[in-house]
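Data block below; observations after.
Values in this text are rule-based calculations from the coordinates and carry no lab data. Quick caveat: nothing in here was measured; it's all calculated off a predicted structure. Here Cβ is always computed from backbone atoms with ideal geometry, including for glycine, and neighbour counts include all displayed protein chains.
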Amino acid sequence: MAQHLSLVSLLVADYDEAIEFYTKKLGFELKEDSTQGDKRWVVVSPGGSSQGALLLAKASKAEQQALIGGQGAGRVWLFLQTDDFWADYRRMLDAGVLFLEQPREEEYATVVVFVDLYGNKWDLLQAKRA
């Protein structure tokens, strides 16, 4: 039996501003945007990837709204793996993505921390070959 994690739900304040950020600034693809009653089912995934995606979930209650941008409790909790770190870094920098540090070389990867439009911390990383 094989399993994989298909979606991670990410709280957002507004569907359209989140779609704009993830598609225009991070280069994600909009996989689905459909209406389900009073909500939308919005799925984005990294460009060129068939694995892993984000379900952009609009916060509808005060307790959910309070957690927008804080689902990782201030830690990096989302990891965007790339096969061309420098091209993605420059493209994202040119698009206005906020990086919290300069890129660094670690034993395991070239990595840099950035934040999305709500303040969630992400790593952009390219793993080093063994």
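Details
- Segment residue 86-residue 16, extension gain: residue separation times 0.36 nm, minus the distance between their alpha carbons: 22.4 nm
- Helix 85-94 and the longest principal axis of the Cα set of the chain meet at an angle near 50°.
- Annotation: peptides 87-97, 2-12, ranked by per-residue average of other Cβ atoms within 10 Å with the highest first, follow the order 87-97, 2-12.
- Structure-derived mean projected area of the Cα convex hull in nm²: which label, when the choices are (1) 9.6; (2) 8.1; (3) 10.3: (1)
- For residue 34 and residue 75, the FRET efficiency from 1/(1 + (r/R0)^6), where r spans their Cβ atoms and R0 equals 35 Å, is about 0.65.
- Net length gained if the chain between residue 115 and residue 94 were fully extended (0.36 nm per residue, minus Cα distance): 6.1 nm
- Dipole magnitude of the chain about its Cα centre (Cβ charges: Lys, Arg +1; Asp, Glu -1), debye to nearest 20: 160
- Contact order normalised by residue count of segment 30-130, Cα under 8 Å, 6+ apart, percent: 22
- Extension gain, residue 105 to residue 61, is 11.7 nm, computed as 0.36 nm per intervening residue step minus the present C-alpha separation.
- Stretch in the chain that is longest and holds no GluC sites (Glu not before Pro) that DSSP places in a loop and that have at most 15 other beta carbons within 10 Å: 1-100
- Per-residue [θ]222 nm for the chain (sum of -39500 (n - 2.57) over DSSP H runs n ≥ 4, rounded to 500): -3500 deg cm²/dmol
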